[in-house]
Amino acid sequence: MHAMPTRADIPPINETIADERQKWARHYGAHPYFTRRSASVVRAYLERYSQEGDTVLDPFGGSGVTAIEAFLLGRHAIQNDLNPLANFLARAIADTRLPSLRPLQAAFARVAAACEDTLRSLETASDTAVADTLAGLPLPENIALPRTSDAARFHDLFTPRQLAALAVLKRQIDREPDEPARLALLLAWSATAAKLNRTFISAQGRAASRGGASISSIYRYKVAKAPVELPLWETFRGRHLNILAAKREILETRDHFNRNRHDGWRLDSDQHFIVMAEDAATLAGPVRPESVDYIFTDPPYGAFIAYLDLSTLWNHWLGFPVGAASRANEIIVGGDLGLSEEHYRSRLAASIRACLEVLKPDRWFSVVFQHWDVRYFETILRTATGCGAELRAAVTQEREVIWSMHKKKNRESVLAGEMILTFYKGAGERRDREMREAQPCLLHELLDTILRDDPADEMTSQYLFNRLVLAAWQRQSLSQLSVPREAFSRELQARGWAYDERRHVWRKHTPAADTSMPLWEA
Ligand SMILES: C[S@@+](CC[C@H](N)C(=O)[O-])C[C@H]1O[C@@H](n2cnc3c(N)ncnc32)[C@H](O)[C@@H]1O
């Protein structure tokens, strides 16, 4: 008798995966989004924990990296996000309806014929001429912006030239009759809007066009003191070329896959790329219980990013409605609604429960997370294990940081990366864990153990922090751990570690040999 094959024996990923963020045009450079995951990391997880023909879900899908990669690997992909901008990006990139690039190139040529001259002349037109052009254009309603914004009203986000150029382009793209080509052009337009606005900041030491909106770098509508006005037509043409490269990858992958597949499975986004806009906390229902084979997701990290507020620039102009319910259900702290930590924590827990409800038994579930407040890790770990899942791996994924974006102070307390927690959902016995009594000086104790046992003599803050969380979790004392940032630095310094500002790592201090002392007694 053969035992039933089980996925419990899949060896978990225990090492950091190389972050080849720039490898794929379909994600890198196509359109900005917040905290986009590296496709190379996501692919490694998908390949390890799921199989062809499986259903893969990302309940906090963002720009769709998980769902797009799962789809291209021959899985049935479910992209879910409350934010219409996120779903628009994912759908437009994954779309396989174009038979080839030719219809898109032809559609672009039609836009060029109708708009290029106007945009080029707008660049040098007088203010009065720009105002005249604007008067005849369909503009989005001048709504109020989120409270944290430097600009009060929607139109204040743009210079008159930018507003006119975007309106001219959008009007023409909306007239495009070929639907899949129109969607791809709209994506290029949307990426153009990310550059042609007054929050655009050029990256230091690079060409003026290299940079992005403050919206996606510092997560605020910060209007630049001296806005960079990039060339209007060339900016759109550049975005179009990036989208063309993204679509080339998708269509080539599709054609290669379909040529070599003989069991009837087709890389067809209409069939195998499902987009949902549900609240992740109540996903069990819209997604059938025990119907998903693998989940890879990264939920919002607390108060860092108010996704819906920050996506107003796109959602409003693209005409995507954002209802009051979506705003109230967003799993963040703060934002325009001032959502509480309690809201965040309980919804985060509900979304983890929903994930484990829709996951089949004998399957895996990976959550990417980062936060200084370790109680949030506890929420994830407790909820998942409370639902019968077992933590099988916890891996630190370090990330390249654009250090120039951070304030000079406290660089040692920037968490440059995240932890990927991977759970296995077995056949399902529930394990209630008893918490130990509160332990005094837990931080001291854990740091002592980690620094004693780890042979490395340099470590990043992120790595150390993740080790702390895990060590506390393994002792079942995560709820007693708190890691105030200052204490973290102080405790490390007290143990002879120093922060290397240049390399952004903590280094063990080894005293230099004191040459004033004789090395041996005469
Ligand atoms: C950290 S981002 C995910 C980024 C994504 N992994 C990527 O590679 O682009 C978290 C996402 O969760 C979404 N979100 C926030 N609250 C949600 C909720 N209640 N239900 C579904 N999605 C939600 C946000 O709109 C955001 O896109």
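Is region 1-14 home to any residue that is among the β-branched types (V, I, T), within 16 Å of the ligand (Cβ to nearest atom), at pLDDT 90 or above and open to solvent by less than 40 Å² (accessible area, probe 1.4 Å)? Looking for residues that are among the β-branched types (V, I, T), within 16 Å of the ligand (Cβ to nearest atom), at pLDDT 90 or above and open to solvent by less than 40 Å² (accessible area, probe 1.4 Å), one finds none in region 1-14, hence no.
Residues in region 256-272 that are open to solvent by 60 Å² or more (accessible area, probe 1.4 Å) and of a type in the set (D, E, K, R): R259, D263, R266, D270. The set of residues from region 20-43 being more than 13 Å from the ligand (Cβ to nearest atom) and surrounded by fewer than 18 Cβ atoms within 10 Å (Cβ to Cβ) comprises E20, Q22, K23, G29.
Within region 50-75, the set of residues being within 9 Å of the ligand (Cβ to nearest atom) and either touching a strand residue (DSSP E or B) at 6+ places or on another chain (Cβ under 8 Å) or part of a helix (DSSP H, G or I) (or both) comprises D58, P59, F60, G61, G64, V65, T66. Filtered by the rule that a residue be open to solvent by less than 10 Å² (accessible area, probe 1.4 Å) and either outside the structural domain of I68 (by TED's automatic domain parsing) or within 11 Å of the ligand (Cβ to nearest atom) (or both), region 281-299 gives L283, F296, T297, P299.
Can you tell me which of V275, V228 is open to solvent by 30 Å² or more (accessible area, probe 1.4 Å) and in the same structural domain as L310 (by TED's automatic domain parsing)?
Criteria check complete, one pass: V275.
Screening L421 with (1) under 30 Å from T6 (Cβ atoms); (2) modelled with pLDDT under 85 gives one miss only, at (2).
Do you know which residues across region 457-485 are in contact (Cβ under 8 Å) with a residue 40 or more places away in the chain and more than 13 Å from V374 (Cβ to Cβ)? Once the filter is applied, which keeps residues that are in contact (Cβ under 8 Å) with a residue 40 or more places away in the chain and more than 13 Å from V374 (Cβ to Cβ), region 457-485 yields D457, E458, M459, T460, S461, Q462, Y463, Q476.
Residue pairs whose Cβ atoms lie under 7 Å apart, separated by 6 or more positions or on different chains, with the first residue in region 257-271 and under 21 Å from L183 (Cα atoms) and the second among the acidic types (D, E) and part of a loop (DSSP other than H, G, I, E, B), are S269/D95.
Residues checked against (1) at pLDDT below 95; (2) in contact with an Asp or Glu (Cβ under 8 Å, 6 or more places away or on another chain):
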residue	(1), (2)
A224	yes, no
H240	no, no
D270	no, no
E278	no, no
Y294	no, yes
P299	no, no
I305	yes, no
T312	no, no
N315	no, no
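I'd like to know if region 143-158 contains one or more residues that are within 16 Å of the ligand (Cβ to nearest atom) and either out of contact with any Cys (no Cβ under 6 Å at 6 or more places or on another chain) or of a type in the set (V, I, T) (or both). Yes, the conditions are met somewhere in region 143-158.
Scoring L339 on the criteria (1) within 11 Å of the ligand (Cβ to nearest atom); (2) at pLDDT 90 or above; (3) over 30 Å from L186 (Cβ atoms); (4) touching a Gly at 6+ places or on another chain (Cβ under 8 Å) leaves a single failure, condition (4). Of the residues in region 176-187, not one is open to solvent by less than 10 Å² (accessible area, probe 1.4 Å), modelled with pLDDT under 95 and outside the structural domain of E69 (by TED's automatic domain parsing). The residue of region 300-329 that is nearest to R347 (Cα to Cα), among those that are more than 12 Å from the ligand (Cβ to nearest atom) and of a type in the set (A, V, I, L, M), is A303. Looking at region 398-408, can you tell me whether even one residue there is of a type outside the set (F, W, Y), modelled with pLDDT of 85 or more, touching an Asp or Glu at 6+ places or on another chain (Cβ under 7 Å) and closer than 22 Å to R43 by Cβ? No; the residues of region 398-408 include none that is of a type outside the set (F, W, Y), modelled with pLDDT of 85 or more, touching an Asp or Glu at 6+ places or on another chain (Cβ under 7 Å) and closer than 22 Å to R43 by Cβ.
Within the option set P59, P12, being outside the structural domain of A354 (by TED's automatic domain parsing) and under 25 Å from E390 (Cβ atoms) holds for one residue only, P12.
Listed here are the residues, each with its yes/no results for (1) within 18 Å of S63 (Cβ to Cβ); (2) surrounded by fewer than 20 Cβ atoms within 10 Å (Cβ to Cβ).
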site	(1), (2)
Y307	yes, no
S311	yes, no
H316	no, yes
G319	no, yes
V333	no, no
E341	no, yes
Y344	no, no
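None of A90, A129, A184 is of a type in the set (A, V, I, L, M, F, W, C) and over 25 Å from the mean Cα position of the chain (by Cα) except A129. The residue of region 486-497 that is farthest from the chain's Cα centre (by Cα), among those that are within 19 Å of Q370 (Cα to Cα) and at pLDDT below 80, is A487.
Regarding region 477-484, can at least one residue be identified that is under 25 Å from R503 (Cβ atoms) and in a helix (DSSP H, G or I)? No: region 477-484 contains no residue that is under 25 Å from R503 (Cβ atoms) and in a helix (DSSP H, G or I).
Each row is one residue, and each column tells you yes or no for (1) more than 17 Å from T235 (Cα to Cα); (2) among the charged types (D, E, K, R); (3) crowded, with 19+ Cβ neighbours inside 10 Å.
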{"residue": "G136", "(1), (2), (3)": "yes, no, no"}
{"residue": "E141", "(1), (2), (3)": "yes, yes, no"}
{"residue": "P146", "(1), (2), (3)": "yes, no, no"}
{"residue": "A167", "(1), (2), (3)": "no, no, yes"}
{"residue": "D174", "(1), (2), (3)": "yes, yes, no"}
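For region 167-182, the set of residues classified as in a helix (DSSP H, G or I) and either of a type in the set (D, E) or closer than 29 Å to P227 by Cα (or both) consists of A167, V168, L169, K170, R171, Q172, I173, D174, E179, listed by residue number.
For region 321-338, the count of residues that are in the same structural domain as A389 (by TED's automatic domain parsing), touching a Ser or Thr at 6+ places or on another chain (Cβ under 8 Å) and over 30 Å from H155 (Cα atoms) is zero. Comparison of R120, R97, R161, R147 shows that the only residue that is assigned to a loop (DSSP other than H, G, I, E, B), more than 23 Å from L183 (Cα to Cα) and basic (K, R) is R147.
The values are calculated or read from the model by the stated rules, or taken from the named source; none is laboratory data. Predicted, not measured: the structure shown is a model, and the values here were computed from it. In this analysis, Cβ positions are derived from the backbone assuming ideal geometry, glycine residues included, and neighbour counts consider all displayed protein chains. Quick note on the areas: whole protein, heavy atoms, side chains included, nothing else; ligands and nucleic acids left out. Shrake-Rupley method; radii C 1.70, N 1.55, O 1.52, S 1.80 Å.
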